[in-house]
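The values are calculated or read from the model by the stated rules, or taken from the named source; none is laboratory data. Values in this document were obtained by computation on a predicted structure and should not be read as measured data. Reconstructed Cβ throughout: ideal geometry from the backbone, glycine too, with neighbour counts over all protein chains shown.
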Amino acid sequence: MSETPPEPVNQILRVASAAFAVVFALFVASAVTAPASEFAVSLGLVSDGTTALQVLRTLLQFAGFLAAVVGYLAITDQWELVPVSRLTLRDVGLVLGGGVALFAFQYGALFVLGEVGLTTGQNQAVVPDGDPVTYYLVMVAVSLLVVGPVEEALFRGVVQGGLRRAFDAAPAILLASAAFGLVHLPSVSGTPGQRWAYVGVVVVLGSVLGVLYERTENVVVPGLAHGVYNAVIYVVLLAQSL
């Protein structure tokens, strides 16, 4: 009969396992995105510098993330880390309220930082390579259906869910949110201070999503709330580009 490791050992193992899951997801996404997008260009399916290629790369990246999540859960036989259930009326309210709250917090944080002379860097995911109107419209759907759900399956399900088996809720949420923030760092442009300020904001946003996951035990809720938040950002950018 297997025994549970002592608590400090279990915590170290869970942190290491969570770190492995994130690195594994980044590796798989990188291994899939570059060659597959280059192959699509070589076949003439998409062209360099176009909206189609930018969206394709996003879809390939998150397909890699999803494949890594499924692979990790299969290897470790921990499917229960990513609980999925039908939304209740309360869940729908949490999705919509959570998405709007995340958006409001971001702009509130940007306002406060601006008042003290600080700014955040810019995530390259909001910078279109081609036609901005088409890109923002497509990304509204991609955010809701792909980006939000897949990122939450990884960071709230696999990472936070795994950490929760060795830590109380607060440290599990904070550790998962820290990983969530750090993963965004390479995609942010700006000075070092601006990039780290962006990461700080993302860590807080991730913590809100972590609380949603903790309270509902349903990864669909933070997944859709995350998608709503991203979609609202693209809607605002779309309005500004018209």
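The figures follow:
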item	result
Residue satisfying condition, being buried (at least 17 other Cβ atoms within 10 Å of the Cβ), within 26 Å of Val22 (Cβ to Cβ) and in contact (Cβ under 8 Å) with a residue 40 or more places away in the chain, within set Thr51, Thr120, Thr76	Thr120
Residue within region 31-53 that is within 16 Å of the chain's Cα centre (by Cα) and either assigned to a helix (DSSP H, G or I) or at pLDDT 95 or above (or both) present	no
Residues of region 61-113 classified as hydroxyl-bearing (Ser, Thr, Tyr) and under 19 Å from the mean Cα position of the chain (by Cα), total	2
Hits in region 92-117 (condition: surrounded by 14 or more Cβ atoms within 10 Å (Cβ to Cβ) and farther than 18 Å from Val150 by Cα)	Leu94, Val100, Ala101, Phe103, Phe105, Gln106, Ala109, Leu110, Leu113
Condition met for Leu174 (part of a helix (DSSP H, G or I), surrounded by fewer than 20 Cβ atoms within 10 Å (Cβ to Cβ) and at pLDDT 95 or above)	yes
Flag if Leu144 is touching a helix residue (DSSP H, G or I) at 6+ places or on another chain (Cβ under 8 Å) and modelled with pLDDT of 90 or more	yes
Verdict on Ser187 being within 14 Å of the chain's Cα centre (by Cα), polar (S, T, N, Q) and surrounded by fewer than 16 Cβ atoms within 10 Å (Cβ to Cβ)	yes
Residues of region 208-242 that turn out to be surrounded by 18 or more Cβ atoms within 10 Å (Cβ to Cβ), more than 25 Å from Val133 (Cβ to Cβ) and of a type outside the set (A, V, I, L, M), as a count	6
